[in-house]
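K.L.:
Here it is: the structure, laid out below.
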Amino acid sequence: MVRAGGEPVSAGPFLDHPRPRRLLQQALDTGELPPAFLFLGPHGTGKEEAALALAKGLNCTAGVSGPDLFSAAGADEEPGGEGPALGGCGSCTSCQRIGHYTHPDVVVRLPLPKPKKEREAADPTEALTYKAEHPYRDPTLSGGNTGIRVDDVREVVRMLAMAPVEGARRVVIFRDADEMTEQAQNALLKSLEEPPEHTLFILTARRPDRLLPTVLSRSRVIRFGPLPAETIAAYLTSEQGLEVAEAEEAAILARGSLKRALEITEEGVRGREDALQLLRWAAGGQRLEAMGWAADLVFKSAGGAFDQARAVLDELIALARDIAALQAGREEDLLNPDQRDLLVRIGEQAPSGAGLKALEAALQARGEVDSFLNLALIYSTLYEGLAELAA
């Protein structure tokens, strides 16, 4: 496998997911492909890599098996079969172009900021170039709220009216399809119902509840669970050169996401310090401090306020979940073991059930942020739920 510019890329720990691996290889072996796959699972667990591996298997020109991107380290079981291998050969021109996001018959779209011109599709070139050069990273996007909009889908649909350029299987990948607007999903429906010949759709998503029932019903669902911490730690030590202790700590905090693990090793846990401070304020009954922080964030962060809110709330959800677990007498498998002392102290001083109420408040706030409701009101309501933690 080769990175843009010719630099080798490690296959990485993709994917310690035996069932998805088996199902996709079986589809290649039999040639019985549905019109659309829906890969469901948490962020950073290999859904997009699986989509590219399937596209390579369908379009590889070498006709031989290459690096098995789906095998876990030390796994003895091999999928076998008469069809092409997942990941293709990894070295032919077709496989390399798919890995570089430049193959004419493999179309990839992802959530992007809205273009300045009306009725214009967003240009994914820059984001996909970054992805080719940084396979396990996400591009930093500026320019407002991101999404996959109706004009993006209509542009793809127009492309589907033409035959595949190289006569192979066309694969259309919508990454983070749960960020597709309802209008965009409706525009895609006809193509899912009556897919063009030799065309396969692959949608990846974290939240199936944000997809239309009609889209769900027309897709074959394959679920991707969190990657084992051991798999992530092994990658961080072997491929990133981290010390064992540092890699293991990052892998635990990564919650099954390789991308999150890499972000942690480079930038720390985004939003975590703010989430911890909110918990301390709530447990201490310090409403004015919490509301002052929220007002400062809302009015000074401008367009980044919603992104920051998502990061803080994602961490707050995990922390509140740990408090709820501690209050229920389930200390094992904490998501934030390095914060155990703080979480135990808050859980012990708080009334019974307060951790669960804090978790419910954080989950509600996270959903409201995704709906772009008023942030000041969201934080105010959130604090009322967190205030249950006060002694």
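The values are calculated or read from the model by the stated rules, or taken from the named source; none is laboratory data. Treat the numbers as computed from the prediction; the structure is a model and nothing was measured. Every residue, glycine as well, gets a Cβ built from its backbone with ideal geometry; the counts of neighbours run over all protein chains shown.
K.L.:
Has region 194-201 got any residue that is outside any loop (DSSP other than H, G, I, E, B), of a type outside the set (Ser, Thr, Tyr) and within 17 Å of residue 48 (Cβ to Cβ)? Give the steps one after another, and end with the answer.
P.N.:
First, pick out the residues of region 194-201 that are outside any loop (DSSP other than H, G, I, E, B): 199-201.
Now narrow it down to the ones that are of a type outside the set (Ser, Thr, Tyr): 200-201.
Among the residues that remain, those that are also within 17 Å of residue 48 (Cβ to Cβ) are: 200-201.
Within region 194-201, one or more residues are outside any loop (DSSP other than H, G, I, E, B), of a type outside the set (Ser, Thr, Tyr) and within 17 Å of residue 48 (Cβ to Cβ).
K.L.:
Given the conditions (1) buried (at least 23 other Cβ atoms within 10 Å of the Cβ); (2) in contact with a Ser or Thr (Cβ under 8 Å, 6 or more places away or on another chain); (3) modelled with pLDDT under 90, and given that residue 78 satisfies all but one, which numbered condition is not satisfied?
P.N.:
(1)
K.L.:
Just give me the residues in region 195-222 being modelled with pLDDT of 90 or more and acidic (Asp, Glu), in sequence order.
P.N.:
Passing the criteria: only 209.
K.L.:
Ok, one more. Which members of region 156-187 meet the condition of being in contact (Cβ under 8 Å) with a residue 24 or more places away in the chain, farther than 18 Å from residue 102 by Cα, part of a helix (DSSP H, G or I) and over 18 Å from the mean Cα position of the chain (by Cα)?
P.N.:
157, 182, 183, 184, 185, 186, 187
K.L.:
While we're looking at this one, here's another question. How about region 247-301: which helices (runs of 4 or more DSSP H) wholly inside it have at least 1 residues that are surrounded by fewer than 21 Cβ atoms within 10 Å (Cβ to Cβ), on the phi < 0 side of the Ramachandran plot and more than 19 Å from the chain's Cα centre (by Cα)? Please lay out each step first, then the result.
P.N.:
Values: elements: 258-267, 272-283, 287-300.
Fully inside region 247-301 and qualifying: 272-283, 287-300.
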